[in-house]
Amino acid sequence: HDTPTKMACCGNCFCFQCCCREGETRTPEELTILGEIRDEEDEILPRKDYESLDYDRCINEPYVEVLEGMDNKKARRYEAVRWMMVFAIGVTVGLVYCSVLLLTIKCCLSLSAVEKCSDKGCLPLSLLELLAFNMTFVFIASMLVLIEPVAAGSGIPEIKSYLNGVKIPGIVRLRTFLCKAAGVLFSVAGGLFVGKEGPMIHSGAIVGAGLPQFQSITFKRINFDFPYFRSDRDKRDFVSAGAAAGVAAAFGAPIGGTLFSLEEGSSFWNQALTWKVLFCSMSATFTLNFFRSGINFNKWGSFQLPGLLNFGEFKCADGDKNCHLWTAVDLAFFVLMGVVGGLLGALFNCMNKSLAKYRFRHIHPKAKFIRVLESLLVAMVTTVVIFAASMLLGECRELSSPTTQNTTVTASSFHVTGSEDINSTVRQFFCTNKSYNDMATLFFNPQEAAIHQLFHQDGTFSPVTLSIFFVLYFLLACWTYGVSVPSGLFVPSLLCGAAFGRLVANILKVKLGMHIYSGTFALIGAAAFLGGVVRMTISLTVILIESTNEITYGLPIMITLMVAKWTGDFFNKGIYDIHIQLRGVPLLEWETEVEMDKLTASDIMETNLTYVYPHTRVQSLVSILRTTVYHAFPVVTENRQNERDFMKGNILVSNNIRFKKSSVVSRAGEQRRRCQSMKSYPSSELRNVCDEQNAVAEPAEEGEDLLQQMLERRHAPYPNLYPDQSPSEEWTMEERFRPLTFHGLILRSQLVNLLIRGVCYAENQSSATQPRLSYAEMTEDYPRFPDIHDLDLTLLNPRMIVDVTPYMNPCPYTVSPNTRISQVFNLFRTMGLRHLPVVNAAGEIVGIITRHNLTHEFLMAKLRQHYITV
């Protein structure tokens, strides 16, 4: 049956299709729960179970005591320790990369078997041998991912989310590092179309997060007494440095690594952090360079091999005066290649997104071994395609003269130096001594060697070979990215794009008779396709310039990447943003749309608040912590004076009534839930407290009548409740609805810490008798603070009182209810906040804003509601 209130709602809102009918589709806000999928758009919405990091400092009394005890000498010592940590991170990342290179598995046996069988006619046997090698290695890599699922993929989406302020469980743990670093070796050795640069960037970030902590959860014996850097703020800075060092060591590009960390992740940045990140990147680059040069050339200190991936030197043949790396006329073709690269990148992302959705729905919910079987299937298909294409579709091409090209080639599993030349990495399957199999040269080489062939091989690659190679590599790389193995995307995208660029160069040379440098077009094609897939601009431009050691390529690379990004953005997002969205991570973009300023903070804030008093009983704190999932609680007192001013017509006070009116009944339900929790408390005294609260629940339709009754009796005195009394005890509906003066925020972890350490005082004592905790004791358990369910309730006296004022943050960032969304968004993102209280002009808290209130999907839903209301 319809209640009068419900009928009135339908009568007043008929023209707006009021949601009073049963069976109606749910609102977008209701769909924003645990990644539920919207049928009409098939879109996964941000999940609410992701926690946010807090970049803001909690300026409470223990922290102030630390500041007061710190003079200039101690401050300089602390800064020196920070610089030492940055340097240690850079050196460690360089050593990790060097170790990965030394441990890279070389499958020379299978390659030599194929070459011998090409003459003796035993190709099926060599195919079986190659399948056995590849599938064994991929099986090991997939099993490592089963041990730590976060180790799958490149890790760049997860690190980007972490630097944006989202805490993803297990993303920077030591076990993840071990599985990632070992798994990527087997993935690459297994012949999959994956790169190791992305996983190495993730590994660098883990080193940055873990090294300054001097402790490990995986290996509990690693636990040193090191009190520094126990906050999300410090940890995010070191993760930024570690990720930048990973990029720098991978490409030999320290400046590009710094810009990568700035462009792709960090929401908060300053001059000091920029300098530290650059120093860390330089340390990683030169550490790797030092050891690689010494190991490969026995010339310690020569610094000849800067990174894992080096594109070699781009130069024309000696004596060819008509050769130019590129001309102004070529810029027009570079722009067209940028457009095509953006289109191909958008197609790649669209196909990979569909595959990822299929995996989430049909593979991941099943048994874990199904993921292993998928990885083995991809490895088997990839091996068969490589083998069949090289044997059946390759063409024999003439070798170029060894004297025309004398470069230094560096890759993860090969190096060609000195008198050796580019022809040493060609494959001659079924071809004479003076020719090579162009398809086998691309498929049966490490990816870095194949890229180098496309950049510097003067011998021609058949247009048919390049076309077939591009199509096969495009499809298999798209299928591979997302399987349960550690896998990067940088090098496969570069190789796929280089084949596209070399194809364009062949067409221009043969069909149009243009005198161009093929290596330049291969480089621009690689940049166009990679830019179309990942949509990076500033950092990728600098990375490619540093990798080529040719500053004249700056303009064409920049133009190509910009065009590729603009073209791809017409259709979808970058591949990393797509995978972030598929995981439901509440990522905050750089800024909001202009139309969002039609909303204010009061339109998006959460009004159903759970709060504590400055002096709160233990029983109330336990009840609040056990019945809510909030990570911060406003500390408030009752503002009785403003109760008499409710009906004076002031708009801010009227807004305050409107904000609180919607949460009156919900607060009553909250009190009821707390009572149910307190009844399970091992204390008869606490169970009796709730006996008189069973009648608190009121029907929803009576909430407005209760509000009117309270306003009519607004001058009646309140019951004599002093601040020491808990807001959960013996409250009527009228007593619960009061103006709340805001004093600060206290975190869940801080409250649990206070309860576990017994920080409280008795009713007949002063709060000065309460034990005091130092800053080191408050942060001792970082980053794994104890949970409320770990608390032994039998050891607590529920009537004891906790004074939370010394440990709360008394001066957090706040906004007015009338603040526009762009201002709220910029403050929240740039300062790296986790909670943003909304406080009116009277100093009363009327709501709170978190990360989920600022996601694009949530803002769009509120904007649609705004249009309907208008």
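Quick rundown of the values:
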{"quantity": "Chain lengthening between residue 830 and residue 331 when straightened (0.36 nm per residue, less Cα-Cα)", "calculated": "175.9 nm"}
{"quantity": "Cut-off 19 Å, label 7 Å out along Cα→Cβ of residue 590, residues of the range 809-823 by amide N", "calculated": "822-823"}
{"quantity": "With DNA, RNA and ligands ignored, accessible area of residue 800 (1.4 Å probe; Å², nearest 10)", "calculated": "40"}
{"quantity": "Calculated FRET efficiency for the pair residue 95/residue 467, C-beta based, R₀ 51 Å, to 0.05", "calculated": "0.75"}
{"quantity": "Residue order for 173, 535 - accessible surface, 1.4 angstrom probe, largest first", "calculated": "173, 535"}
{"quantity": "Distance between modelled label sites at residue 302 and residue 510, nm, 7 Å Cα→Cβ extension", "calculated": "4.0"}
{"quantity": "Label-to-label distance, nm, for residues given as residue 395 and residue 433 (7 Å Cα→Cβ offset)", "calculated": "2.5"}
{"quantity": "By accessible area with a 1.4 Å probe, ligands and nucleic acids excluded, highest first: order of 434, 299", "calculated": "434, 299"}
{"quantity": "Sites residue 71 and residue 295, calculated FRET efficiency, Cβ-Cβ separation with R0 51 Å, nearest 0.05", "calculated": "0.65"}
{"quantity": "Extension gain (nm, one decimal) between residue 818 and residue 324, 0.36 nm per residue minus Cα-Cα", "calculated": "171.8 nm"}
{"quantity": "Filter on 598/862; 167/235; 167/276; 353/573; 167/368 - keep pairs with C-alpha separation over 18 Å", "calculated": "167/276; 167/368"}
{"quantity": "Residue 310 long-range amide H proximity, modeled H, under 5 Å", "calculated": "410"}
{"quantity": "Amide H within-cut-off set for residue 166, under 5 Å, with H built and near neighbours excluded", "calculated": "53"}
{"quantity": "Amide hydrogen neighbours beyond the local backbone of residue 744, cut-off 5 Å, H modeled", "calculated": "635"}
{"quantity": "Accessible surface of the range 492-604, 1.4 Å probe, proportion on carbon and sulfur as whole %", "calculated": "64"}
{"quantity": "Inter-label distance, nm, simple model (7 Å from Cα along the C-beta direction), residue 766/residue 364", "calculated": "5.7"}
{"quantity": "Residue 538-residue 608 FRET efficiency (beta carbon distance; Förster radius 30 Å; 0.05 resolution)", "calculated": "0.10"}
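The values are calculated or read from the model by the stated rules, or taken from the named source; none is laboratory data. What you are looking at is a predicted structure, and each value in this text was computed from that prediction instead of being measured. In this analysis, Cβ positions are derived from the backbone assuming ideal geometry, glycine residues included, and neighbour counts consider all displayed protein chains. The accessibility values were calculated without ligands, DNA or RNA, using every heavy atom of the protein model including side chains. Shrake-Rupley method; radii C 1.70, N 1.55, O 1.52, S 1.80 Å.
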